[in-house]
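Accompanying notes for the structure given below.
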Amino acid sequence: MTHAALLERAAAAPMLDQVLAWSAINSGSRNLTGLATMAGLLADAFSALPGPITLEAPAPVDAILPDGRRVDLDHGRNLHLRVRPDAPVQLLLTGHMDTVFAADHAFQTTRFLDPTRLNGPGVADMKGGIAIMLAALLAIEGDPVRDRIGYEVVLNADEEVGSLASAPLIARAAQGKIAALTYEPALADGTLAGARPGSGNFSAIVTGRSAHAGRNPEDGRNALVAAADLALRLSKAAGPRLSVNPAKIDGGGPNNVVPDHAVLRVNMRPATPDDAVRARSFLDAAVAMVAASHDVSIHVHGGFGRPPKPLDPAAERLFALVRDCGSELGLAIGWSPTGGVCDGNNIAACGVPVVDTMGGRGGAIHSDEEFLLTDSLPERARLSALVLHRLATGGRP
């Protein structure tokens with residue numbers, strides 16, 4: 001091994017202390033106060049790197065209420081760091097500071113289940129990953145190769161709710177990058193996520209006509225029935241290359257009134273970009289048919305916020321580079337497709353190859369059984385540092 005000093009610096013970073021401190025802060029996606037605190041702590045930590053840090057305002061995002069009204073959604077600010085933008089090798093590293101656990105969720109504290117298994121909110125997803133990212137970058141800054149490598153870091157505040165408010169920042173930061181690393185957790189056995197489907201969330205707002213359910217129901221146009229019909233039609237589109245989940249219908253009212261309003265919530269997950277195009281076409285056709293057959297109007301809000309992420313040749317080469325670096329460290333690195341989505345989807349859609357599970361090994365994320373294997377902190381910091389060094393010295397995806 002010719003990079004002993006680099007690897008030692010990466011492994012020696014105080015990652016566990018950082019994870020414990022950061023996980024003590026509730027930073028649920030809707031907890032703006034907690035997110036502001038978390039952003040400040042991260043800005044302090046990443047200020048050790050030689051580049052300007054800004055906390056970027058979120059882009060405007062709206063949503064549909066159960067009554068069909070459109071409302072603006074508030075999100076936290078996103079940390080952005082840029083280092084050596086004129087260096088010959090330019091990379092993007094991303095992570096998220098938010099978790100799925102709201103301020104009133106019962107899961108708020110960390111505990112060790114055994115000497116190397118830490119249970120707590122966000123320990124794996126992904127405050128452990130952020131600590132690993134920082135350790136690797138600090139290690140590179142202590143190596144002569146640093147002058148060859150420039151990078152942008154984005155730590156967003158809304159990944160767990162789809163990154164709609166941070167997507168423009170991620171897209172800008174991805175421009176001109178040869179590769180990207182995102183620090184979602186790997187599986188407990190170290191397996192990385194390979195190909196990912198896309199994900200789209202849609203709200204179909206159905207407007208009918210109310211009438212008395214007993215005297216003149218024929219004059220009504222039942223929005224609830226139309227929404228149910230649309231849900232059944234959309235469910236028929238599901239198959240091996242497209243997951244369709246009609247998740248909820250808001251609407252209805254007293255039993256003696258034909259309901260004139262309903263909102264259908266649907267998630268669709270296409271395997272490839274072509275499948276996403278077909279899925280949207282099917283949705284539009286189903287909406288038109290239901291609107292015509294029920295004599296209602298339907299407005300669709302939403303879209304595919306996470307484009308599909310198939311493994312193209314450039315991505316396969318980047319995975320191979322990570323695998324080879326792992327082999328040098330005595331780690332067996334493999335990857336497999338997953339049904340989940342993340343910011344890696346958005347980065348890949350910008351034409352940048354990405355490995356998006358460079359974080360710690362862990363599991364049971366999005367539950368109160370979430371755990372981080374703490375011995376993976378130095379392990380994965382060494383891996384990231386070596387990957388960065390390899391990219392800086394001529395390795396290409």
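For region 284-299, which residues satisfy the criterion of being surrounded by fewer than 19 Cβ atoms within 10 Å (Cβ to Cβ) and under 28 Å from residue 349 (Cβ atoms)?
Across region 284-299, the qualifying residues are 284, 285, 288, 299.
Can you tell me which residue in region 246-260 is surrounded by the fewest Cβ atoms within 10 Å (Cβ to Cβ), limited to those that are touching a residue at least 24 places away in the same chain (Cβ under 8 Å) and under 32 Å from the mean Cα position of the chain (by Cα)?
Once the filter is applied, the top-ranked residue is 250.
With respect to the numbered conditions (1) in a helix (DSSP H, G or I); (2) farther than 16 Å from residue 322 by Cβ; (3) out of contact with any Lys or Arg (no Cβ under 8 Å at 6 or more places or on another chain), which one is the sole condition not fulfilled by residue 164?
(1)
Can you list residue pairs whose Cβ atoms sit under 7 Å apart, with the first residue in region 74-103 being small (Gly, Ala, Ser) and the second being in a strand (DSSP E or B)? Count only pairs 6 or more apart in sequence or on different chains.
Listed pairs, sorted by first residue: 87/149; 87/150; 95/155; 95/182; 95/183; 102/28; 103/28.
Any residue in region 14-41 that is assigned by TED's automatic domain parsing to the domain that holds residue 370 sitting within a Cβ distance under 6 Å of a residue that is of a type in the set (Val, Ile, Thr) and outside any helix (DSSP H, G or I)? List the pairs, counting only those 6 or more apart or interchain.
As it stands, the answer is 16/374; 23/110; 27/99; 28/99; 34/25; 37/25; 38/25, since those pairs meet every condition given.
Yes/no per residue for (1) within 22 Å of residue 69 (Cα to Cα); (2) in contact (Cβ under 8 Å) with a residue 12 or more places away in the chain; (3) surrounded by fewer than 21 Cβ atoms within 10 Å (Cβ to Cβ); (4) outside the structural domain of residue 262 (by TED's automatic domain parsing):
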residue	(1), (2), (3), (4)
178	no, yes, yes, yes
188	no, yes, yes, yes
204	yes, yes, no, no
207	yes, yes, yes, no
212	no, yes, yes, no
215	no, no, yes, no
223	yes, yes, no, no
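Output the number of the condition that residue 241 fails; it satisfies all remaining conditions of (1) within 25 Å of residue 210 (Cβ to Cβ); (2) surrounded by fewer than 19 Cβ atoms within 10 Å (Cβ to Cβ).
Unmet condition: (1).
So which strands (runs of 3 or more DSSP E) stay within region 59-142 end to end and still have 3 or more residues that are in contact with a helix residue (DSSP H, G or I) (Cβ under 8 Å, 6 or more places away or on another chain) and modelled with pLDDT of 95 or more?
78-83, 89-96
Filter region 1-51 for residues that are in a helix (DSSP H, G or I) and of a type in the set (S, T, N, Q); which is farthest from residue 160 (Cα to Cα)?
Looking at the filtered set, the residue picked out is 18.
Can you go through 38, 15 and tell me which one is surrounded by 21 or more Cβ atoms within 10 Å (Cβ to Cβ), hydrophobic (A, V, I, L, M, F, W, C), touching a Ser or Thr at 6+ places or on another chain (Cβ under 7 Å) and within 26 Å of residue 139 (Cα to Cα)?
38 is the lone residue from the list that is surrounded by 21 or more Cβ atoms within 10 Å (Cβ to Cβ), hydrophobic (A, V, I, L, M, F, W, C), touching a Ser or Thr at 6+ places or on another chain (Cβ under 7 Å) and within 26 Å of residue 139 (Cα to Cα).
The values are calculated or read from the model by the stated rules, or taken from the named source; none is laboratory data. Remember, it's a predicted structure, so these values are computed and weren't measured experimentally. No Cβ is skipped: glycine too gets one built from the backbone with ideal geometry, and neighbour counts run over all protein chains shown.
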